[in-house]
Amino acid sequence: EGVGTVMDKSTRNNIQRATQSARRLLEEAYQEQLEGTYDILLDGSVAERAGSHLSDQRMLIREKLVAAVGHKRSTGLSAKEAVDAYLREAAFTTLNRFVALKMLEARDLVQECISKGEDSIGFKEFTALAPGLVAVEDKGYRLYIETLFDEIGQEVKVLFDRRDVASLLWPDRQALLELLGVLNAPELASVWAEDETIGWVYQYFNGDEERTQMRAESQAPRNSRELAVRNQFFTPRYVVQFLTDNTLGRTWYEMMQGETKLAHLDYLVRRPNEVFLADGEFAPESEKDDSELSQEELLQQTVHVPFRAKKDPRDLRILDPACGSGHFLLY
């Protein structure tokens, strides 16, 4: 195992293109629904009353959508900005959930559910248990995926909680097929087993043009979203490994006095002559003047490592102050 696969530039470019394409198609699909079904226009104007074409269920969804946009306006956004922000969050939430399912599939943590769309093994088993679903508009595929969200959401609440207002909308059939086409493209097949993929999706959701425009319009970030978008840089795997190996890894290595098979620690910085001190033992005072030694000679000097009491690894506490997609945490 050892060092994880380094994502090359062309692979990252594939993820970037796919992410931007998925964002566009989801935002367009949701915009059509907001305007055509729920009378919430892109300029921010909202019809006072819902159209008579809405079922009771959609009437309830509309109320929640209007409240969600209203809540965004209460934070100081204009009517148009509030609708834009909702569209962006709805697309972001949908995309991240489908990406997460692809990654869970790759790890055999869920049955095949989206890799072959409605021909996926998991969905076929689901419909076999409920044959009446053939009468439903999409044969129950949305119900199946949302059942998965609910099941996984018991453990991963934040991402899969369907009570989140950002998940009120669902892509129409054409948009869903296009989204599955983007995610199931052959050139992305290798990325789903990689821990860093979701981090790159997070970063690439916000396009370079968007970042450039923000910087052109204002020297400093004007709100929390701009702060995040303008300063969002996903940490590549080798940097994650180097930093983690020499902090958490070093702590564990010293606790185990250099005898550990728990982690690979490929990037751990070790001196050739490390001496681990026992409890209560102190390093002897050196009488040598090492100021004249070369770098190579200094490196060969004996280094005394202070005693570090062993701990159950579950009792180690680590702070990641800007965890984003959790790349350090995963490693």
Given charges at beta-carbon only (K, R positive; D, E negative), |dipole| of the chain in Debye: 960 debye
Environment charge of residue 188, counting only residues whose C-beta is closer than 14 Å and scoring Lys/Arg +1, Asp/Glu -1: -2
Gained length - residue 177 relative to residue 9, 0.36 nm times residue gap less alpha-carbon distance: 57.7 nm
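How large a share of the accessible area of the chain, in percent, is made up of carbon and sulfur atoms when the probe is 1.4 Å and the other protein chains stay in place? All intermediate terms of the calculation are to be shown ahead of the outcome.
Values: 10460 of 20030 Å².
Exposed carbon and sulfur together represent 52 percent of the surface.
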Inter-part distance where segment 14-74 and segment 160-215 are each reduced to a Cα centre, Å: 18 Å
Charge tally in the Cβ shell below 13 Å around residue 310, where Lys, Arg are +1 and Asp, Glu are -1, residue 310 excluded: -2
Theoretical FRET efficiency, 1/(1+(r/R0)^6), r = Cβ-Cβ of residue 55 and residue 150, R0 22 Å, to 0.05: 0.50
Paramagnetic label zone (point 7 Å from Cα along Cα-to-C-beta, residue 302; backbone N under 15 Å) in segment 270-296: 272-278, 281-289
Amide proton proximity set for residue 40, modelled H, under 5 Å, gap of 5+: 35
Cα-based shape type of segment 22-92, given that a ≥ b ≥ c are square roots of the gyration tensor eigenvalues and the cut on a/c is 1.5: oblate
Options 190, 70, 244, ranked by Cα towards positive dipole end of the chain, top entry (Cβ charges): 70
Total lysine pairs under 28 Å (Cα atoms) in the chain, excluding pairs fewer than 8 apart on one chain: 20
Accessible area expressed per residue, the chain, with surrounding protein chains retained (probe 1.4 Å, Å²): 61 Å²
Separation in nanometres of the label points that stand 7 Å from Cα toward Cβ, at residue 291 and residue 118: 8.1 nm
Percentage relative contact order, the chain, counting C-alpha pairs under 8 Å, at least six apart: 19 percent
222 nm mean residue ellipticity, helices alone, for the chain (DSSP H n ≥ 4; -39,500 (n - 2.57); rounded to 500): -15500 deg cm²/dmol
For residue 90, net neighbour charge (Lys/Arg +1, Asp/Glu -1) across residues whose Cβ lies under 10 Å away: -2
Per-selection Rg to Rh, segment 59-125 - Cα, Kirkwood hydrodynamic radius: 1.20
Contour minus Cα-Cα distance for residue 162 and residue 242 (0.36 nm per residue): 25.1 nm
Cα-only radius of gyration and Dmax that characterise the chain, units Å: 26.0, 91
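The values are calculated or read from the model by the stated rules, or taken from the named source; none is laboratory data. Note that the coordinates shown come from a computational prediction; the quantities given were computed from them, not determined experimentally. Cβ atoms come from the backbone with ideal geometry, glycine included; neighbour counts cover every protein chain shown. Heads up: the accessible areas ignore ligands, DNA and RNA and are worked out on the full protein's heavy atoms, side chains in. Shrake-Rupley method; radii C 1.70, N 1.55, O 1.52, S 1.80 Å.
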